[in-house]
1. If GLY179 meets every condition in (1) part of a strand (DSSP E or B); (2) over 20 Å from the mean Cα position of the chain (by Cα) apart from one, which number is that one?
2. If you go through region 183-222, how many residues are assigned to a helix (DSSP H, G or I) and open to solvent by 10 Å² or more (accessible area, probe 1.4 Å)?
3. Within region 64-85, identify whether any single residue is among the hydroxyl-bearing types (Ser, Thr, Tyr), modelled with pLDDT of 95 or more and over 12 Å from the mean Cα position of the chain (by Cα), and answer yes or no.
4. Inside region 1-57, counting only strands (runs of 3 or more DSSP E) that do not spill past its ends, which hold 1 or more residues that are modelled with pLDDT of 55 or more?
5. Check region 72-92 and report whether any residue there is out of contact with any helix residue (DSSP H, G or I) (no Cβ under 7 Å at 6 or more places or on another chain), open to solvent by 10 Å² or more (accessible area, probe 1.4 Å) and closer than 25 Å to GLU242 by Cβ.
6. From (1) touching a residue at least 40 places away in the same chain (Cβ under 8 Å); (2) assigned to a loop (DSSP other than H, G, I, E, B); (3) under 18 Å from TRP220 (Cβ atoms); (4) not acidic (Asp, Glu), pick out the condition that doesn't hold for TRP93.
7. Taking the stated definitions as given, is THR46 without any contact (Cβ under 8 Å) to a residue 24 or more places away in the chain and either out of contact with any Gly (no Cβ under 9 Å at 6 or more places or on another chain) or closer than 24 Å to GLU187 by Cβ (or both)?
8. Please specify each residue of region 58-67 satisfying the condition of being outside any loop (DSSP other than H, G, I, E, B), within 14 Å of VAL31 (Cβ to Cβ) and open to solvent by 10 Å² or more (accessible area, probe 1.4 Å).
Amino acid sequence: MKHTTHTTLYLTLTLIFCGQPVIAQPKKILVGTDAWPPFRFVSENTISGIDDDLWQKLAQSMGFEIEYIRCPWKRCLDMMRTGQIDAMSGLAWREKRAIYIQYTQPAYFRCSTRYYLRKGEENTLKTQQDLNKLNIGMVRGSAYYPSFDNNTALHKTQMAQESVLLQLLAAQRIDTYIGTDCQADYELAHSQWSNSFTKAPYNPKNHTPLYIGLSKSSKWSTELEQINQNIEKILQQGFQNEIKQKYYR
């Protein structure tokens, strides 16, 4: 995926109201994104999906514009660290990310981590110990759950995009792949392998809340509390039920 550097001019005017200086809110937010259906559908000219629905509601309620910057997940994280982009969505909380990312509250969705296998091979992954014998596909830079993320002894094949993992499993180049079910189930159901793959019997029973994150190097980090309040309001208005009806029926 080709990345184009964007230069954004933020408002730096200081407004005076009742004698108190107030810094004007930036008019545009740069959001790093990659394909992760149904949360992020990426086509040549458009971005859509659950995350875009949330961003559009925030933009409408707060009066800002969104500019999407397309980048592989790992590169997006690197750009958050340097402040080249302002925000990302679909983020799992991790301590090492929190060094350079401010996480908004509350989470806007919750997923579970699961492993996927070719049908008929369920016996290969029934316990955590079975992972030691398998070549496990994953997305580079993704966080799944701590005991997996921190296990350097496991054989992990890392790819830039989730969709490639299905191709590798079909070609028997990996034994299993790991994913979050709110995304992986959707992608599998809409793929040519919907009847060929299945979830592994082993379930790590890990629950992953998804957050919007703001780069601590971005001026948007000063808007954390306002964004939190608007996310809470959007959730109270039934956002989760709305997207379940729209994407998961």
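1. Unmet for GLY179, out of (1) part of a strand (DSSP E or B); (2) over 20 Å from the mean Cα position of the chain (by Cα): (2).
2. The initial filter retains those residues of region 183-222 that are assigned to a helix (DSSP H, G or I), namely 183-189, 219-222.
Filter once more, so that each one left must be open to solvent by 10 Å² or more (accessible area, probe 1.4 Å): 185-189, 219, 221-222.
Counting residues in region 183-222 that are assigned to a helix (DSSP H, G or I) and open to solvent by 10 Å² or more (accessible area, probe 1.4 Å) gives 8.
3. Yes: region 64-85 contains one or more residues that are among the hydroxyl-bearing types (Ser, Thr, Tyr), modelled with pLDDT of 95 or more and over 12 Å from the mean Cα position of the chain (by Cα).
4. Values: elements: 14-17, 20-23, 28-33.
The qualifying strands (runs of 3 or more DSSP E) are 28-33.
5. Checked region 72-92: no residue is out of contact with any helix residue (DSSP H, G or I) (no Cβ under 7 Å at 6 or more places or on another chain), open to solvent by 10 Å² or more (accessible area, probe 1.4 Å) and closer than 25 Å to GLU242 by Cβ.
6. (3)
7. Details: without any contact (Cβ under 8 Å) to a residue 24 or more places away in the chain: yes; either out of contact with any Gly (no Cβ under 9 Å at 6 or more places or on another chain) or closer than 24 Å to GLU187 by Cβ (or both): yes.
Criteria met by THR46.
8. Selection gives ALA59, MET62, GLU65, ILE66, GLU67.
The values are calculated or read from the model by the stated rules, or taken from the named source; none is laboratory data. Not measured: the values here are computed from a predicted model. Note: ideal-geometry Cβ built from the backbone for every residue, glycine included; neighbour counts use all protein chains shown. For the accessible areas, the whole protein counts, side chains as well, though only heavy atoms, and no ligand, DNA or RNA atoms are used. Shrake-Rupley method; radii C 1.70, N 1.55, O 1.52, S 1.80 Å.
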